[in-house]
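A short worksheet on the structure shown next.
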Amino acid sequence: MTNQILSYKYFLGISGYFHDSAISLLDSNGNLVDYKKEEYFSRVKGDKSFPRLALQEMIKNFNLSNDNIEKIVFYEKPFKAWLNILKYSIKNNSLLNELTRNYFKNIWKSSIVFSYDLSKYLKVSSKKILYCDHHLSHTLSGAYYNNLNPICSIVVDGFGDESTTSIHHVKSLKEINNVWSSPFPHSVGLFYSAITDYLGFSVNDGEYKVMGLAAYGEPKYYEALSKTIFFKDGKLIIDEKYYDYCRSVQRSYSKKLNDLFEIKERESNLPLDLGSDNFKEYADIASSAQKIVENILKEIFLYAHQLTGEKRFLFSGGVAMNSVAINQIAKLDFVEEIIVPPSPGDSGAAIGAAYFGFLNSNKSLNDFENRLDKILAPGFTKNEQIKEDFILTNYERIADKEKIIDVAAELISKNHVIASCYKNIETGPRALGHRSMICNAHSLSAVKHLNEKIKKRSKFRPVAPVTLIDDANKYFILSDKIYKSYFYMGSVAEVSNSKNIEAVVHKDNTARVQICDENHILGKILSKLKKNNIDVLANTSFNISSDPIVYSLEDAYLAIERMNIKYLLTENGMYKKK
């Protein structure tokens with residue numbers, strides 16, 4: 001095994017220091033053979049530290065050393081990233097401003113120390129270390145899954161290196177031109193984070209809650225908000241008077257933003273759910289911000305089309321995780337296809353960084369085949385065997401590995417909830433069956449129990465539906481332009497028939513649907529459920545609220561104990577808690 005490993009030349013991509021640190025590993029053929037987020041090991045959600053634990057695990061599994069590593073690529077250019085915001089803050093604030101002082105104070109905690117941190121765990125020649133522009137890393141994270149060029153890449157996030165938004169014309173894998181970008185502080189991502197902050201959710205974590213909340217409101221503040229951020233004459237413009245992220249490290253919005261709304265900012269410790277005080281008022285703010293984002297993105301896509309002439313698009317960056325906006329963009333007449341990588345945010349940019357190293361080391365290169373189908377067979381870390389003494393003490397094995405599909409289908413038909421820690425974890429942020437909690441989506445009581453009692457999610461955030469490809473059109477209106485996204489919950493879809501699946505449908509009659517084939521673990525279970533007239537499963541990630549998704553079987557044990565789940569599906573069998 002060791003000789004086989006050493007015969008490869010590996011390309012390592014690393015992201016870190018901002019949020020969602022991760023490492024990816026490509027082999028000498030450009031295949032993604034490993035991907036790990038630091039939070040898998042540290043159990044700190046969104047861990048942004050240098051991914052030392054993930055790196056150490058990868059070094060151990062692949063015997064990584066200077067001998068078999070071709071390139072190590074960091075996903076941004078650290079000094080440029082640090083200097084750009086510092087220059088802005090000195091010019092527009094002052095040397096004594098808290099944002100300015102914070103950047104000086106934390107310089108040795110920033111990505112500037114990347115090579116030093118790397119050297120603690122892996123000794124490689126400095127010639128093998130490369131730095132890729134942040135938005136190019138995002139672009140390449142999308143290009144990795146595209147098999148047809150030319151194409152236009154649009155990256156929209158908070159901020160990276162010099163840009164908050166960018167347009168690249170990917171003429172080929174060897175000719176990628178940056179044709180437009182927007183500088184700090186003019187940022188769609190930071191705008192949405194400011195609204196997230198205002199609504200009392202955690203920045204860089206609660207944005208998806210804002211998106212869900214928006215379905216329950218009306219965009220009554222759209223006109224007022226649209227004066228604070230807009231796209232005009234090829235420029236993204238934000239009125240800095242309303243947003244404090246460009247001058248403060250304490251909060252993202254200014255007191256001036258309060259004047260636009262009829263309600264003050266929500267304190268994070270106060271409850272917010274259907275029926276709670278001021279729910280509708282906060283939902284109206286979320287709805288208005290969501291509409292702002294959707295309309296600005298439509299204008300950016302149109303501008304990108306005018307600049308490049310392309311009708312096919314890669315879309316990445318943190319804002320590309322806004323699955324509601326993607327569904328709206330796909331309705332634009334000039335759009336033929338939108339490819340969103342399975343992990344469009346910073347953690348997925350580690351894949352783009354590794355791909356940068358691969359492309360730079362291969363002088364004669366043809367465009368590669370489509371790799372999107374490969375995210376359906378999650379890989380990357382072998383699951384350990386369940387320890388027999390632990391099982392004998394705490395669990396009863398009710399099915400061996402040959403019978404797990406039959407038993408899973410039987411349990412679901414009886415409206416039980418099943419947790420899965422099955423084989424390897426998915427590469428993207430959404431659980432697709434390998435780290436999921438699933439139940440019968442046709443049973444309102446089963447889904448309510450899963451969502452509210454086990455997962456303890458807000459009532460305004462329904463779980464996702466999963467269905468076989470052949471059954472999807474019975475319930476959902478799928479767009480050919482973003483069809484691939486449905487395999488990994490990349491976009492919502494309108495619901496054409498909500499009868500008996502109301503529990504997985506959003507207030508706005510959409511659902512973040514996942515489709516799968518009969519080779520997928522959930523597809524196999526759904527195939528068995530045909531005889532029970534069950535076409536749709538409810539799926540939510542296997543984690544306790546505010547914790548990372550479970551990674552190892554030990555994580556699964558702890559989660560089951562804390563969440564009072566009875567059934568655990570693994571590749572070795574089905575287990576019932578005693």
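The values are calculated or read from the model by the stated rules, or taken from the named source; none is laboratory data. Keep in mind that this is a model prediction, so the values were computed, not measured. We place every Cβ from the backbone using ideal geometry, glycine too, and count neighbours over all the protein chains shown.
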Look through segment 256-276, keep the residues that are loosely packed, with under 11 Cβ neighbours inside 10 Å and out of contact with any Asp or Glu (no Cβ under 9 Å at 6 or more places or on another chain), and return whichever of them is farthest from Lys456 (Cα to Cα). Asp259
What are the pairs with Cβ atoms under 8 angstrom where one residue, in segment 241-254, is closer than 10 Å to Leu190 by Cα and modelled with pLDDT of 90 or more and the other, located anywhere, is among the β-branched types (Val, Ile, Thr) and outside any helix (DSSP H, G or I)? Sequence gap at least six, or different chains. Tyr243/Thr228; Ser252/Val203
Test result for Glu98, in contact (Cβ under 8 Å) with a residue 40 or more places away in the chain, surrounded by fewer than 22 Cβ atoms within 10 Å (Cβ to Cβ) and of a type in the set (D, E, K, R): yes
Unique residue being within 20 Å of Ser166 (Cβ to Cβ), at pLDDT 95 or above, in contact with a Pro (Cβ under 6 Å, 6 or more places away or on another chain) and not β-branched (Val, Ile, Thr) when the list is Ala325, Ala320, Ala304: Ala320
Among the residues of segment 448-458, is there at least one that is outside any helix (DSSP H, G or I), of a type in the set (D, E, K, R) and either touching a helix residue (DSSP H, G or I) at 6+ places or on another chain (Cβ under 8 Å) or within 17 Å of Leu568 (Cβ to Cβ) (or both)? yes
Taking interchain pairs and intrachain pairs at least six residues apart, which have beta carbon atoms under 6 angstrom, with the first residue in segment 264-288 and outside the structural domain of Ser193 (by TED's automatic domain parsing) and the second of a type outside the set (Phe, Trp, Tyr)? none
Does segment 199-228 hold any residues that are touching a residue at least 60 places away in the same chain (Cβ under 8 Å) and in contact with an Asp or Glu (Cβ under 7 Å, 6 or more places away or on another chain), and which are they? Gly200, Ala215, Gly217, Glu218, Lys220, Tyr221
Subset tally (residues that are under 20 Å from Ala464 (Cα atoms) and outside any strand (DSSP E or B)) for segment 533-558: 12
Do any residues in segment 519-548 that are among the basic types (Lys, Arg) have Cβ atoms under 6 Å from those of residues that are modelled with pLDDT under 95, where the two are at least six apart or on different chains, and which pairs are they? none
Listed residues Asn383, Asn394; which is at pLDDT below 95 and either β-branched (Val, Ile, Thr) or not assigned by TED's automatic domain parsing to the domain that holds Ile560 (or both)? Asn383
Pair list, Cβ under 6 Å, 6 or more apart: segment 326-345 residue within 13 Å of Ser479 (Cα to Cα) and in the same structural domain as Lys291 (by TED's automatic domain parsing), other residue modelled with pLDDT of 95 or more and among the polar types (S, T, N, Q): Ile326/Ser491; Asn327/Ser491; Ala330/Ser479
Checking Ile425 against (1) over 25 Å from Lys499 (Cβ atoms); (2) surrounded by 24 or more Cβ atoms within 10 Å (Cβ to Cβ); (3) touching a Leu at 6+ places or on another chain (Cβ under 9 Å), which single condition isn't satisfied? (3)
Tell me, please, whether a residue that is modelled with pLDDT of 90 or more, within 14 Å of Val536 (Cβ to Cβ) and touching a Pro at 6+ places or on another chain (Cβ under 7 Å) can be found in segment 441-449. yes
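Considering only segment 409-447, state which residues are assigned to a helix (DSSP H, G or I) and either in contact (Cβ under 8 Å) with a residue 24 or more places away in the chain or among the hydrophobic types (A, V, I, L, M, F, W, C) (or both).
Ala409, Leu411, Ile412, Ser413, Leu444, Ser445, Ala446, Val447
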Criterion (over 27 Å from the mean Cα position of the chain (by Cα) and within 18 Å of Asp244 (Cα to Cα)) met by exactly one of Ile107, Ile90: Ile90
